[in-house]
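For reference, the structure discussed in these notes is given below.
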Amino acid sequence: MKEKNVPEVVAKRLPRYYRYLDDLLKKNVYRISSGELSKKMGVTASQIRQDFNFFGGFGQQGYGYNVELLRNEIASILGIDKSVSTILIGAGYLGHALANHANFEKRGFQLIGIFDIDKDTIGTKIHGIEVYDNDRLKDFIKENKPEIAILTVPKKVANDIAKQLIDYGIKGIWNFSYAEIELDSDVPIENVHLSDSLMTLSYKIK
């Protein structure tokens, strides 16, 4: 059973566990010890056991972990054991890239709507999904009830659009707008700054 106060650093490791366990299953590996998982993940065996203990453990002494069971349990914890409906706002270069190459379905996310304000873009299709005018956001969300919105909009409008989305009923925002969205709301917002990763890489090189 999931406990309430899970440290964010533990929550951020869960997708890594999921990806690796998924890869193991594809290689027909069905059992793994915390020691073996430790070597592959670059996390100590003790830390792995501590992480999983926040959610009930999952391992068996002398056996290790059932890879498929553990993968499925983590998927349930992450909420991706069932399809999560998602919309994308901003059909520019980054929006195109995310819609075409992020492989949403594989990770449990179903992209059901794309929106933009550019008249030349509205009515076209990306990855088989028609781009709608932003004016249709409210009605679309009301009718289809997507849970997550992906923002790839200009920084100056990100905060206002995020507020609208939350008012319309969106439960979480994945923000690529280079703006740190700050709203008086309990809705979780994951701010992604691609340049931060590049600068971190530059630091590591030097």
Compute the helix-to-body angle for 8-26: its Cα long axis versus the longest principal axis of the chain, expressed 0 to 90° and rounded to tens. 80
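What is the extension gain from GLU143 to ALA97, computed as 0.36 nm multiplied by their sequence separation minus the C-alpha to C-alpha distance, in nm to one decimal? Spell out each step's value before the answer.
Values: separation 46, 0.36 × 46 = 16.56 nm, distance 2.64 nm.
Here the segment from GLU143 to ALA97 would lengthen by 13.9 nm.
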Measure nothing fancy, just the Cα-based angle from helix 67-78's long axis to the longest principal axis of the chain, in degrees from 0 to 90, nearest 10. 40
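Could you give the length gained on full extension between GLU68 and ILE205, defined as 0.36 nm per residue of separation minus the Cα-Cα distance, in nm? Each step should come with its number before you reach the end.
Details: separation 137, 0.36 × 137 = 49.32 nm, distance 3.73 nm.
Net length gain for the segment: 45.6 nm.
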Only one of the listed values, (i) -0.51, -0.78, -1.09; (ii) -0.44, -0.73, -1.13; (iii) -0.64, -0.95, -1.19, was derived from the coordinates as log10 I(q)/I(0) by the Debye sum over Cα atoms at q = 0.11, 0.14, 0.17 Å⁻¹; which label is it? (iii)
Net lengthening on full extension, LEU183/LYS82 (0.36 nm per residue, minus Cα-Cα): 33.5 nm
Could I have the simple spin-label model distance between ARG136 and ARG19, label points 7 Å from Cα toward Cβ, reported in nm to one decimal? 3.3
According to a simple spin-label model (label point 7 Å from Cα along Cα-to-Cβ), what is the distance in nm between TYR168 and ALA45? 5.1
Just to confirm the number: angle between the C-alpha axis of helix 155-168 and the first principal axis of the chain, 0 to 90 degrees, nearest 10? 80
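Which of LYS39/LYS204; LYS12/LYS82; LYS106/LYS206 have a Cα-Cα distance over 25 Å?
Values: LYS39/LYS204 22 Å; LYS12/LYS82 20 Å; LYS106/LYS206 36 Å.
Long pairs (Cα-Cα over 25 Å): LYS106/LYS206.
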For LYS27, go through the aspartates and glutamates and keep the ones whose alpha-carbon is under 20 Å away, minus same-chain ones fewer than eight residues off. GLU36, GLU68, GLU73
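A short reminder: the numbers here are calculations on the coordinates, not readings from a lab. On a predicted model such as this, the values are computed, not experimentally measured, just so you know. When we count neighbours, we look across all protein chains shown, and the Cβ atoms used for this are built from the backbone with ideal geometry, even at glycine.
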